[in-house]
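Report on the following structure.
The values are calculated or read from the model by the stated rules, or taken from the named source; none is laboratory data. On a predicted model such as this, the values are computed, not experimentally measured, just so you know. A quick note on method: Cβ atoms are made from the backbone with ideal geometry, for glycine too, and the neighbour counts reach across all protein chains shown.
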Amino acid sequence: MSMMNNLEKMPDQQELHLEDLKLPQDLKKLTFPQCRRIAKEIRSLMVRVISKNGGHLASNLGAVELTMALHRVFDSPQDKFVWDVGHQCYTHKILTGRIKEFRTIRKENGISGFPKPEESPHDCFISGHSSTSISVACGIAESMRLRHDDHHVIAVIGDGAMTGGLAFEGLNNGGKLKNLIVILNDNNMSISGNVGSVSGYLRSIREKESYVRTKQAVEKVLVNTPHVGMPVAKVLKGTKDGVKNMLVRQATLFEQMGFVYFGPVDGHNQQDLEEVLRTAKRCECPVFIHVKTIKGKGYLPAEKNPSQFHGVSKFDVMTGNPEVAGADCYSAVFGKELARLGKENPRICAITAAMKYGTGLQYFEAEVPDRFYDVGIAEQHAVTFAAGLASTGMIPVFAVYSTFLQRAYDQLVHDIAIGGQHVVLGIDRAGVVGEDGETHQGMFDIPMLTSIPGTTIYAPACYDELKLCMQQAILRDSGLAAVRYPRGDEKKMSFPKDSLNTEYTYTEDEKADILLISYGRVYDAVHRAHCTCASSGYHSSLLKLTKIHPLEQELAELTKRYRKIIFFEESMGNGGIAALFGTMLAENHFGGEYVRVTCEEFLRHASIPTILDKLGLSEHAVCRYIYEYGTKN
């Protein structure tokens, strides 16, 4: 007897496990009690694996029933699921043939923590940044129309991502696509709590009590809805009472934009979810489904602290406590120093785009709440808002992950740089970030910023230097200034602290004919390699940059006596500091050999030490360069 036949006759009380199923096909044969047991098993699997691998836990725990309902009602990969950000895709990965590989998630050579088409045909589009799903889905839906494909495309977007302007640009153009379904997974959270008018509007819908309460009223609404009519109304006659709370009487913003609106729907009630999805599937018009979920559902520590369990490192499953007690990291040091400066200077303001805890700005909020601004997932608005503050004499500091700063390039140019506004960027997670992979590596901020005239960039190599650079950028610089720093904590330094400054440090070895140049986190690896190789008779001089842009022309004079110069940089090579330094050398007629060790491609997910070693930026890798190019004395 086949597995499918087994499922057709399987009694509800029989034990059933994920491993018994051919996924996603067999999901359609499960009873609702069996679905509840499978959902519980999925949550257990996610908690066990993420407690060891790290990852995005709370948002995925909240989307289990929704994901199961999607796969039971629709036919992936013919029907396309577009996951916004990708923080909700773990159940989708488990249900699409990757249950065995799930234990490798975010590990080197394992599966990605985000949707990735090269992994599976069920992942139709890569994602890692927010608010993109509706626009992507619009494009796919239009392509389906052109190819006479009558399948659906479903965009699943969180309420936090709805604060991004791109989401509304997509909705603005999606109101005419007959095969488009947008699902709002509303858990009243971004990474931190939601802010702003959009959040307030969604809250008002969630809390509204004036629901349509009869099947006849639902039928009447659908009969009078353009492009729907009687066929769907007839279908609803046989539905269960779960459909009665699907429609709010008052027209919503989404209806006014051309969508049929269903909601709010209990996102943890499998039967209600499937009823509304089947209804949406029969509508020959764009549909917007508002689903209410609980972030962290099913794991009590995550339900109590959804922000803490949004993105986690290893933790103890029983207690929810991280394996390593939280010591200071670059983000925390930045936040505490900014709070100190903000208390002393009434002009300093702090801005975050829904990343208060991730960027350490909770310390500023605690000390100076009236000059702290969380603008939601809206990096473009954050930059232009900062420009407006700066135009009146305030000193705004926008703390943002490097990968998310990419979203606001035009605003940096048009709204800050051209007008010479003094705005400071705290660029967190600059450089390699590790297991989050290609969409999150912070490798593009330097090429982006060096292309903007009048921009000053600092790359401190330790906590104390970070504080010095912040004071310089905030209190003494003008125009656009950026201080970039890596993910994680400060390692035990091999270089002396008495050399710290906001410019550069040159350490000359008279026996050396090669010069090693670097900045930021990588400089310590270069310094360690320099010391190790010197003990074997391979000598080198060192140049540590702190203000990495613009380059001081006097640096070219320091280089003239060297036979070989090697620049180690944790950034994309094109447009990076190493490339600009090479141009300066050429303009000053440097006669030796110049080598750049930089990144030249998108970086897949792996641990930070592994990636740095592959790039040639670890101590061991730097030693190889010294032995290859140096001269033993």
Please work out if G582 is modelled with pLDDT under 95, farther than 24 Å from G437 by Cβ and of a type in the set (G, A, S).
no
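Given the condition part of a loop (DSSP other than H, G, I, E, B), at pLDDT 95 or above and assigned by TED's automatic domain parsing to the domain that holds S44, answer yes or no: does some residue in region 157-171 qualify? Outline the logic, then answer.
Just the residues of region 157-171 that are part of a loop (DSSP other than H, G, I, E, B), to begin with: 159-160, 164.
Right, trim to at pLDDT 95 or above and you get none.
Looking through region 157-171, none of the residues is part of a loop (DSSP other than H, G, I, E, B), at pLDDT 95 or above and assigned by TED's automatic domain parsing to the domain that holds S44.
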Candidates F364, F404 - the one that is out of contact with any Gly (no Cβ under 7 Å at 6 or more places or on another chain) and either assigned by TED's automatic domain parsing to the domain that holds L612 or of a type in the set (F, W, Y) (or both):
F404
Restrict the check to region 576-586 and report whether at least one residue is aromatic (F, W, Y), touching a residue at least 60 places away in the same chain (Cβ under 8 Å) and over 18 Å from A430 (Cα atoms).
yes
Which residue out of Y485, Y463 is in contact (Cβ under 8 Å) with a residue 24 or more places away in the chain and in contact with a strand residue (DSSP E or B) (Cβ under 9 Å, 6 or more places away or on another chain)?
Y485
Within region 307-328, identify whether any single residue is within 30 Å of L468 (Cα to Cα) and in a helix (DSSP H, G or I), and answer yes or no.
no
Subset of region 440-459, residues out of contact with any Phe, Trp or Tyr (no Cβ under 6 Å at 6 or more places or on another chain) and in a loop (DSSP other than H, G, I, E, B), comes to H440, Q441, M443, F444, S451, I452, P453, G454, T455
State whether one or more residues within region 423-432 are surrounded by fewer than 23 Cβ atoms within 10 Å (Cβ to Cβ) and modelled with pLDDT of 95 or more.
no
Looking at region 334-354, is at least one residue out of contact with any His (no Cβ under 6 Å at 6 or more places or on another chain), of a type in the set (S, T, Y) and touching a residue at least 60 places away in the same chain (Cβ under 8 Å)?
no
Residue by residue through region 398-417, note down the ones that are closer than 28 Å to E438 by Cβ and surrounded by 21 or more Cβ atoms within 10 Å (Cβ to Cβ).
F398, A399, V400, Y401, S402, T403, F404, L405, R407, A408, L412, I416
Of the criteria (1) in a loop (DSSP other than H, G, I, E, B); (2) out of contact with any Asp or Glu (no Cβ under 8 Å at 6 or more places or on another chain); (3) under 24 Å from R145 (Cα atoms), which one Q88 fails:
(3)
Per-region count, region 27-69, residues surrounded by fewer than 17 Cβ atoms within 10 Å (Cβ to Cβ), without any contact (Cβ under 8 Å) to a residue 60 or more places away in the chain, in a helix (DSSP H, G or I) and not basic (K, R):
3
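So if I check each of R103, R72, R98, which one is crowded, with 19+ Cβ neighbours inside 10 Å and part of a helix (DSSP H, G or I)? I'd like the intermediate steps shown before the answer.
Values: R103 fails: crowded, with 19+ Cβ neighbours inside 10 Å; R98 fails: part of a helix (DSSP H, G or I).
Selected residue: R72, the only one of R103, R72, R98 that is crowded, with 19+ Cβ neighbours inside 10 Å and part of a helix (DSSP H, G or I).
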Only one of S494, S478 is assigned to a loop (DSSP other than H, G, I, E, B), touching a His at 6+ places or on another chain (Cβ under 8 Å), modelled with pLDDT under 95 and polar (S, T, N, Q), namely S494
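Condition (residue is over 19 Å from L338 (Cα atoms) and either surrounded by fewer than 23 Cβ atoms within 10 Å (Cβ to Cβ) or touching a strand residue (DSSP E or B) at 6+ places or on another chain (Cβ under 7 Å) (or both)) applied to region 370-377: is it met by at least one residue?
no
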Restricting region 83-104 to residues that are of a type in the set (A, V, I, L, M, F, W, C) and more than 16 Å from the chain's Cα centre (by Cα), which is nearest to L30 (Cα to Cα)?
L95
